[in-house]
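Below you'll find the structure, written out as C-alpha cells, and then a few comments.
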Amino acid sequence: MTVHYTEGEHFVSSRHLFLWPLAEVYFREAEKTLQHNGVTRAFSDLLTGGLRCLYAVLLDSTVEPRVELFTRKRICELLLHHTQEYADAEAILNRAMLIAKQHNFVEEKFSLQLLLARIFCKTSPRAAKVLLLRCIKEAEEYAKVMEMYGTQGVANAHKWVYEFYLCSSSFQSVQQLSKNIYNYANDHNHQEMALLALILNQDLPMEEIPTRTHQLAVLVLITQIVKCINEGKILKSREKLNTVHMLLESDTLKWGSSHIDFTIDGETSIYLRWLSINQIYILAYLISGVCYLPETSSGRASRFLQEGLRISGDFVPHETSVNRYFETDQWFDSIIDNLKCYLVAAHLSRSKFSKAEKILFSSAVEQNDFRNLLHGMLKHKKGKFEEAESIYRLIIKKPDTPKEIFILSTLNLVNLLQDSTEASHSLEWIEKSCKEQKNLIYTLWWMILKISRENAHVQKTNSLLKLTQHSIDLSNTQLQYIVFTELCTRLGNIEQAEKMASSALTLAKKSKDDIWSFFSGTKLELLYQDIHDFEKLTRQKEENTNMWKEIQNFFS
C-alpha cells in the first residue's frame, strides 16, 4: 500500500493519497449517523475506522513533514470535536507544532496554536491565556509585515488575529473582548468585524444596518431587540420583531447552516457557530413572548410562548460533532425552561393561576432563582402572603441572586410588608439598585411603592402624572391601570377623571385582574356618586358587588 519514488536516497511516501480520502469517507458516514441517530455504536465504529486510517499514515517512517503535520492536525480536530481526550490531542499536536517551526510553516503554525489554545481552555485556562496573548502579538506582527510588503494573504493574516482574540473569551470579559476586536477592525477598516464587536457587546445602534446575508440580518435584529428589552424600550423592540418575523416567513430566506460568516476585506471569513434555522424559530417565539409580556391586556405573550413550546416538540439536534451535539442539547433544555418560566409569568399576569401552577410544578427541571421568584409571585397572587414573604426573603438573602431577580423580590416583599418602618428602609436601600438599571421599569415600580406610603397629596399627584406617560411609553398595561386608578380621584376635571377611571377598569378587566378591576370600579362608583349620575352609579355598584363576590370566593 506504500509506493516510494526514488531520487538518489530520498524516499517520498504516497500512502496518504489513499488513506486521507478513505478516512474522510468514514468521517462523512459518521457525521450522517450522528445527525440522524445521535451518538450510537455505529457512529463510534465509523469514527474509529477513520482515525485508524490517519494513524496508519503516521506509522510510515518516510512520511513528508507537511503530510505528517496535516495528518496530526486532522486527528486533533476530530478528537476535539468528538471526544474529551485532551491529553492525547495535545500530545499529537506538539509534534505537529515542532514540524511547523522547523520548516517555517507560518499559516499552519497559527492554525495549530489555535487548536492548542482550545485544548488549554479546557485543561489549563492560565496556560491558555499565556499562549493566546503571545499568539495575538505574533499574529499582529505577521499581519503588519504582510501589509508592509503588500503581498497576497493579508486578509488571512488579519484573520488569525481575530481568531486568537475570539478564543481568548475564556479569560476576559465580553466587554474587553469586543473592545479589542472593534479597535483592531476600526484600524484596518474591517467593517463586518467591527459589526461583530458591537454585536458581542450588545451595543448596536438602533437604525437599520445593511447586511450581506439573511443570517447576519437576523443576528443584528435579535441583538437590537435584546438591547431594547434590557433598556425597557418595548415599543421599539416590537418594531424590530416584526421585521424578524417577516424575514423568517419570507420565501427567499436562505439559511445554509448553523454557522455565520464575517468577511475580512471580502477575501476571507471568520466562521462562528450560531443557531440552526429550527433553533432560530424557537428563539424568535421566546423573544416575541418577552416583548409582549408587559401588555397583559392582549394575551399575546402567552400565545407566542405556547407556540414556541409547541414547535420545540419537533426539535432534533442535527450536529456533525459529538460535543456540539451535547451543547445543542443543553441549549434546547435551557430555552425550553425559559419558555416555560416566561409562560408562567404571562399566566400570572392574567390571573391564570391553575395554568401557571401546572407548569411550575410539573417540570422536572432543577429549581433556579427565576422559578423561585415565580413561585413566590404565585403564592402572593393567591393570597398566601406569609409563604410568599418567606420565599422573597430567601431569594434576597442568597449572595449570588441575579440583580434583576433580587430587585423584583425586594419590591414584591415591600408590597407585602405590614411593617411600614421595614418597608421604608427596604425602599431606601433598593432605590440605588433600581435607578442603576438601564430598564426604567424598575424605577417606576419603586416610585409606585414609594408613593403608596407617602402622605403629601400634591407630591403624590405630581409623581403619578409623570408615571402616566412613562407607563404608556413602556406599553406596560399593569402599570397603566394602577397609575390611572390612583390618579383619577386626584384630578379636578370630573370628565377627565371619569375617562381615566374607565380606562383603568377596561385595562384591568382585559388583563383578567379582578382585584384592580374592583379598585378602579370603586373609584368610578365614587365619581358617579359625586356627580349624582344615579343611572351609571347603580350599574357600577352592581358590577362592583359581583366583582367583590368573585374575589371573596377565590380567597375563601
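A short reminder: the numbers here are calculations on the coordinates, not readings from a lab. Everything quoted here is computed from the prediction, not taken from an experiment. Please note: Cβ atoms are built from the backbone with ideal geometry, for glycine as well, and neighbour counts cover all protein chains shown.
So the values come out like this:
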read-out: Calculated FRET efficiency for the pair W255/R490, C-beta based, R₀ 60 Å, to 0.05; value: 0.65
read-out: FRET efficiency for K438 and Q176, using Cβ-Cβ distance with R0 set to 25 Å, rounded to 0.05; value: 0.80
read-out: Relative contact order of the range 367-453, pairs being alpha-carbon contacts under 8 Å that are 6 or more residues apart, as %; value: 22
read-out: Packing rank of 321-329, 32-40, where each peptide gets the mean count of other beta carbons within 10 Å, highest leading; value: 321-329, 32-40
read-out: Segments 148-156, 45-53 sorted - mean Cβ within 10 Å per residue, highest first; value: 45-53, 148-156
read-out: Per-pair calculated FRET efficiency, R0 = 30 Å: E24 and Y271 via Cβ, rounded to 0.05; value: 0.95
read-out: Packing-based ranking, highest mean first, of 93-104, 494-505, 400-411 given that Cβ atoms within 10 Å are counted; value: 494-505, 400-411, 93-104
read-out: Relative contact order computed over the range 1-147 (Cα-Cα under 8 Å; 6+ residues apart), in percent; value: 15
read-out: Residue-span extension gain [K32 to R52] - 0.36 nm each, minus C-alpha spacing; value: 5.3 nm
read-out: Inverse of mean 1/r across different Cα pairs in the range 367-453, Kirkwood, Å; value: 13.0
read-out: Helical mean residue ellipticity (222 nm; -39500 (n - 2.57) per DSSP H run of 4+; nearest 500) of the chain; value: -24500 deg cm²/dmol
read-out: Value in Å of the Kirkwood radius, where the range 406-556 supplies the Cα pairs that are averaged; value: 16.5
read-out: Mean Kyte hydropathy of 1.6 or more with a Cα span along the axis of at least 27 Å, helices from DSSP in the chain; value: none
read-out: The range 307-368: equivalent-ellipsoid semi-axes (sqrt of 5 x gyration tensor eigenvalues, Cα, Å); value: 28, 12, 8
read-out: Cβ charges +1 (Lys, Arg) and -1 (Asp, Glu), total dipole of the range 137-200, debye; value: 120
read-out: Separation of alpha-carbon centers, the range 232-281 and the range 26-99, rounded to whole Å; value: 33
read-out: Label-point separation, D203 to T243 (7 Å along Cα→Cβ), nm; value: 2.1
read-out: Semi-axis lengths, Å, the range 469-556, gyration tensor of Cα atoms, sqrt of 5 times eigenvalues; value: 20, 19, 8
read-out: Pairs beyond 28 Å (Cα-Cα), from K179/K254; K233/K379; K73/K122; K32/K358; K137/K227; K233/K384; value: K179/K254; K233/K379; K32/K358; K137/K227; K233/K384
read-out: Convex hull volume per residue for the chain, taking Cα atoms only, in Å³; value: 194
read-out: Per residue convex hull volume, Cα atoms of the range 210-357, in Å³; value: 129
